[in-house]
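Engineer: Sharing a structure with you now.
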């Protein structure tokens, strides 16, 4: 840190992303990417001509991408905001609605408190229930804005729309529902945006649209909220999405059949893998996301992570005390999951002999 | 604006980017893009395989792009920061060093005061001299951080490194020199970073690297400054550059011959166009950038902009009172400039008969 760095920021603890090894020597199950390539239309949309056109700025209104999202989600373009990954979308939402602070669960996406620190916003955490489920009852009684992920990050646990609607009824403060993982088996609160002008939904192309490397996130909500976010976007980086990502995103969003096929395969593989791990004595949350949170019957999370890494499989071990006895496993292909299960079996056998 | 929007931000005036018509019906000389395609290596670097790999996150350390910049600039990777366009780089710099406010010229890149407003930072403007030149004498006597563009935005006027070094000697506050346009004939202050730990240089791939649509900017400075900016990047959007832009940027940076050829052609065309306009009675600043600021002997800037647009040529007319009698013309190809000059001749002839 330099001696010039703003003192208000000096305590900021940057987010630590999962390892991104630059060589493909690992089966990479650590950052919740999709094991499937982007929709075929994405490859068709990015040809030599489009790369040549990189000399020109991108469309600051991102109108084609916005239109593709609006159509797929059954909303109007005025209800759609796009950003450079959902991280940027969430950051703008924190800035826009952080005046009275934010409140969220203690175990969730680790970036929420970091966004708050970035903008100097108080952030209060409410512990999840002992079984790691999210009980919304304690939310909505203060002037803080509310943020949580559904399904929740790290746990994969899911709340049905009726529980979120009950919260929306008892607060008039902004409620941000991060639906990064909704496409793997949850029901979205999307239909509620018409009735609740304080509901903002964030989504990403990184998981269910197989485009983590294109960096596209979006938000859906009342047109007035979207206008707020666009005011911030045009005050920070009006060309926040590059030309090729705009093309990739629109093509991915328009291939509904491929999207449904990929997400259904991941949900099936997830459930089969969870069953197999439970049969080996593992404890798992009932994940509706594209990852599993799994606890070995005998090995600490850190040890299991290391043993898997030795065997060429990268999973995520998170330092949060409430889940550090577990590992988070991204759902890959059936073959990758079979390799993982074989490795786990091997590791547990060794541990039981030790 | 929604009723939830932070009151501290309610007065923010977003930046207005130049028009980006979605159909190529105009000769586009309004946003200082390059008329030349990216380096051939950029097209080679982005093949079907790389588009397929978009399912994976990008390298958060951007190490290959950073290495290419470090090598081209003769610095170490620890002295290089990369962002999603130089707008994001500048935004982080404002946030990092805005504690005591910022000061900059009244006519410059219009985004500086907007970044300040985004982060709630006081921003003070010092008027350019009557001839629109930037006199640094009034800078450096306060605790504010300093920002200016060299060559300056809108005017294209350039300061030699010795004048900037004199400023660096009399202040110990951060000095941000925005060198977006330095590659078209100016001498960079790059060699000064070794001696002045409070000098931060920002650059962009949008102009001289023919990659406006890839959204890549960078900063060069003392390693401690770069560490500050990376703290902010990892607290806002660690994957701020997408996979394809990382590839495009590294390939563009490594083709020095193409870069030199494109920038030299633009500088030549700029000077020839300026001479031709002066011969028609136009007043121009001595631009060292890839644009000209030109004032008609009889037509107001707004009228000239409109007349050119009618003839299929898009230039920029800026609302700033000190330059609104002029238009800003991006330097295109020789052919485009000939078309522009013919149109100007035609417009002036009509105006003189009216």
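Engineer: Can you tell me which residue in the range B:17-33 is farthest from residue A:226 (Cα to Cα), limited to those that are within 8 Å of chain A (Cβ to nearest Cβ) and out of contact with any strand residue (DSSP E or B) (no Cβ under 9 Å at 6 or more places or on another chain)?
Structural biologist: B:22
Engineer: Moving on to the next point. Could you pull out the residue among B:203, B:209, B:288 that is within 18 Å of residue B:34 (Cα to Cα), under 21 Å from the mean Cα position of the chain (by Cα), at the interface with chain A (Cβ under 10 Å from one of its Cβ atoms) and not in a helix (DSSP H, G or I)?
Structural biologist: Of B:203, B:209, B:288, the one residue that is within 18 Å of residue B:34 (Cα to Cα), under 21 Å from the mean Cα position of the chain (by Cα), at the interface with chain A (Cβ under 10 Å from one of its Cβ atoms) and not in a helix (DSSP H, G or I) is B:209.
Each row is one residue, and each column tells you yes or no for (1) farther than 24 Å from residue A:249 by Cα; (2) modelled with pLDDT under 95; (3) in the same structural domain as residue B:46 (by TED's automatic domain parsing); (4) crowded, with 21+ Cβ neighbours inside 10 Å.
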| position | (1), (2), (3), (4) |
| --- | --- |
| B:184 | yes, no, yes, yes |
| B:207 | yes, no, yes, yes |
| B:262 | yes, no, no, yes |
| B:265 | yes, no, no, no |
| B:268 | yes, no, no, no |
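Engineer: Okay, next question. Please tell me if residue A:228 is touching a residue at least 12 places away in the same chain (Cβ under 8 Å), surrounded by 24 or more Cβ atoms within 10 Å (Cβ to Cβ) and at the interface with another protein chain (Cβ under 7 Å from one of its Cβ atoms).
Structural biologist: yes
Engineer: Given the conditions (1) farther than 30 Å from residue B:47 by Cβ; (2) crowded, with 21+ Cβ neighbours inside 10 Å; (3) in contact with a helix residue (DSSP H, G or I) (Cβ under 9 Å, 6 or more places away or on another chain), report the number of the one that residue B:250 does not fulfil.
Structural biologist: All conditions are met except number (1).
Engineer: Then there's this: How many residues are surrounded by fewer than 15 Cβ atoms within 10 Å (Cβ to Cβ) and at negative phi if we restrict to the range B:302-323?
Structural biologist: Selection size over the range B:302-323: 6.
Engineer: Follow-up. So residue B:18 clears everything in (1) within 29 Å of residue B:264 (Cα to Cα); (2) in contact with a helix residue (DSSP H, G or I) (Cβ under 7 Å, 6 or more places away or on another chain); (3) touching a residue at least 24 places away in the same chain (Cβ under 8 Å); (4) surrounded by fewer than 23 Cβ atoms within 10 Å (Cβ to Cβ) except one condition, right? Which one?
Structural biologist: (2)
Engineer: Could I ask something else about it? So is residue A:112 more than 27 Å from residue B:211 (Cβ to Cβ) and within 21 Å of the chain's Cα centre (by Cα) or not?
Structural biologist: Considered against the rule, which asks whether it is more than 27 Å from residue B:211 (Cβ to Cβ) and within 21 Å of the chain's Cα centre (by Cα), residue A:112 comes out as yes.
Engineer: Right, something else. Being without any contact (Cβ under 8 Å) to a residue 12 or more places away in the chain, in contact with a strand residue (DSSP E or B) (Cβ under 7 Å, 6 or more places away or on another chain) and farther than 24 Å from residue A:59 by Cα is the requirement here; does residue B:62 meet it?
Structural biologist: Answer is no for this residue.
Engineer: Any residue at all in the range A:64-81 that's outside any loop (DSSP other than H, G, I, E, B) and within 7 Å of another protein chain (Cβ to nearest Cβ)?
Structural biologist: No - not one qualifying residue is present in the range A:64-81.
Engineer: Which pairs turn up if I take residues in the range A:37-48 that are more than 7 Å from every other protein chain (Cβ to nearest Cβ) and under 12 Å from residue B:53 (Cα atoms) and look for partners that are part of a loop (DSSP other than H, G, I, E, B) and modelled with pLDDT of 95 or more with beta carbon separation below 7 Å, at least 6 apart in sequence or on another chain?
Structural biologist: A:39/A:255
Engineer: Checking the structure you have, find out if any residue of the range A:4-15 is part of a loop (DSSP other than H, G, I, E, B), out of contact with any helix residue (DSSP H, G or I) (no Cβ under 8 Å at 6 or more places or on another chain), more than 7 Å from every other protein chain (Cβ to nearest Cβ) and within 20 Å of residue B:53 (Cβ to Cβ).
Structural biologist: no
Engineer: What number of residues in the range A:215-224 are over 12 Å from residue A:87 (Cβ atoms), within 8 Å of chain B (Cβ to nearest Cβ) and either at pLDDT below 95 or touching a helix residue (DSSP H, G or I) at 6+ places or on another chain (Cβ under 8 Å) (or both)?
Structural biologist: Selection size over the range A:215-224: 1.
Engineer: What residue, among those in the range B:243-282 that are part of a helix (DSSP H, G or I) and touching a strand residue (DSSP E or B) at 6+ places or on another chain (Cβ under 8 Å), is nearest to residue B:332 (Cα to Cα)?
Structural biologist: B:270
The values are calculated or read from the model by the stated rules, or taken from the named source; none is laboratory data. All values derive from a computational prediction rather than experimental measurement. Here Cβ is always computed from backbone atoms with ideal geometry, including for glycine, and neighbour counts include all displayed protein chains.
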